[in-house]
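No lab work stands behind these numbers, since they all come straight from the coordinates. Not measured: the values here are computed from a predicted model. Cβ: placed from backbone, ideal geometry, glycine included. Neighbour counts: every protein chain shown.
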Amino acid sequence: MNPQTPRTFHLIAPSGYCHNQPAAALGIQRLQQAGHQVANQSVTGRRFQRFAGSDAERLQDINALARLSPLPDIILAVRGGYGVTRLLDQIDYAGLKQQLAAQPVALCGHSDLTALQLALLAQSGLITFSGPMLCGNFGAPDLSAFTWERFWQALTSPEFTLSWHSSAQPLAETEGTLWGGNLAMIMTLVGTPWMPQIDDGILVIEDINEHPFRTERMLLQLHQCGILARQRAIVAGSFSGFTPTDYDNGFGFATVWQRIRDLTGLPVIDGLDFGHEQATVTLPLGARGALSVHQGQASLRISGHPVLRTAATSENQV
């Protein structure tokens, strides 16, 4: 589908205050110049302490979706930061399930939004999209064509394949439920009702400003509480924003991935452009994935997720 087909965006700001207001304005401008409508723009400038409004205001952003009519095509997070976990026990999961399952829309974002996305998957079975956000991506000084194209690919293609170079060992195709997102946010959900219980999963992870030893520590906790034992594979996206020192003495992410491989027997496939960097793919969390690696080339075929309506869409698509 032509990504320039006019779509309706509805902004939500359930996390941190958007301190880069020019980026928010630029992101809105870009979407509008591409022919799209952008609603609920006032949330970009809302602020209470470090948050994008009070808890009640940010909760309203989410719960109002259960009563919003007409529904937009795309619900887009303004930015991440911190704040969603303060709201998880007050979200209207039943109302959101009733509204969005009947007329599913693409809820997209990453970072702190991972907590909401996984809670919706756990409580409502709703598939959402881990991908770009208004400020950091669409409002970046230079909009990544890679990110823009992969965003529309995920939202409009009932089945699509991502390919990338990886240092992982060859892997025969393995299938499972695609899930994950920001690793630190996944860890905050362990032991709570908001953590999806995924068997035979393909766990995709990313993070920023986390040293390799802290990343390993989080993955060890996932292993020690039995979550990794239920997975088929791990895909590692972008892990950036740390500075190695002499003290590390060669300890890096390659060390971490190999340690997890040795400890769990799981394939860990690195190298996917996914996460906090400007170039990022968009992944439907809760969809079906088929993962393989051949001669240094990884492939992830994704299906079973809702897609945006076109004139020819069937009734089981968005």
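Which percent, to the nearest 5, of DSSP beta bridges fully inside the chain are antiparallel?
Antiparallel bridges: around 45 percent, rounded to the nearest 5.
What is the local net charge at GLY136, summed over the other residues whose Cβ is closer than 14 Å to its Cβ (Lys, Arg +1; Asp, Glu -1)?
Summing Lys/Arg as +1 and Asp/Glu as -1 gives -2.
Relative contact order for segment 74-203: what is it in percent, counting Cα pairs under 8 Å that are at least 6 residues apart?
29
GLU57 label point, 7 Å along Cα→Cβ, cut-off 14 Å on backbone N: hits in segment 6-48?
12-19, 41-48
Arrange the peptides 29-36, 177-184 so that the one whose residues have, on average, the most other Cβ atoms within 10 Å appears first.
177-184, 29-36
Rounded, prolate or oblate: which one fits segment 194-265, using the alpha carbon gyration tensor with axes a ≥ b ≥ c (rounded when a/c is under 1.5, else prolate when a/b beats b/c, else oblate)?
Since a/c reaches 1.5 and a/b is larger than b/c, the shape of segment 194-265 is classed as prolate.
Distance in nm between label sites at THR161 and ARG261, each 7 Å beyond Cα in the beta-carbon direction?
Distance between the two pseudo-spin positions: 2.3 nm.
So for segment 143-204, Kirkwood radius off the Cα pairs, Stokes-Einstein at 20 °C and 1.002 mPa s: how many µm² s⁻¹?
146
At 222 nm, what value in deg cm²/dmol follows for the chain if DSSP H runs of at least 4 each add -39500 (n - 2.57) and the sum is divided by all its residues, to the nearest 500?
-8500 deg cm²/dmol
What list of ³J(HN,Hα) values in whole Hz, one per residue of segment 47-56 in order, does the Karplus curve 6.51 cos²θ - 1.76 cosθ + 1.60 (θ = phi - 60°) give from phi, with Gly and Pro shown as x?
Coupling constants for segment 47-56: 8, 9, 6, 8, 9, 7, x, 5, 4, 5 Hz.
Rounded, prolate or oblate for segment 82-123? Axes are the square roots of the Cα gyration tensor eigenvalues, ordered a ≥ b ≥ c, and the cut-off for rounded is a/c under 1.5.
oblate
From the gyration tensor of the Cα coordinates in segment 109-234, what semi-axes in whole Å does the equivalent ellipsoid have, largest first, with each one equal to sqrt(5λ)?
Equivalent-ellipsoid dimensions as semi-axes: 24, 18, 17 Å.
Is the shape of segment 262-310 rounded, prolate or oblate, going by the alpha carbon gyration tensor and its root eigenvalues a ≥ b ≥ c, with a/c under 1.5 for rounded and a/b larger than b/c for prolate?
Prolate, since a/c reaches 1.5 and a/b exceeds b/c.
May I ask for the Rg/Rh ratio of the chain, computed from Cα atoms with Rh as the Kirkwood radius, given to two decimals?
0.95
Extending each Cα 7 Å along its Cβ direction at ALA39 and GLN224, get the distance between those two points in nm, one decimal.
Label at ALA39, label at GLN224, 4.7 nm between them.
Could you list SER167, SER124, SER111 in order of exposure, starting from the residue whose Cβ has the fewest other Cβ atoms within 10 Å?
In order of increasing Cβ crowding within 10 Å: SER167, SER124, SER111.
For segment 148-241, state which GluC sites (Glu not before Pro) are in a DSSP loop and have at most 15 other beta carbons lying within 10 Å of their beta carbon.
Those that pass, being in a loop and sparsely packed, number zero.
Using alpha carbons only, what's the Rg to Rh ratio of segment 184-231 with Rh from Kirkwood?
Value, to two decimals: 0.94.
If the viscosity is 1.002 mPa s and the temperature 20 °C, what translational diffusion coefficient in µm²/s does Stokes-Einstein give for segment 214-307 when Rh comes from Kirkwood over Cα pairs?
Once the numbers are plugged in, D ends up at 143 µm²/s.
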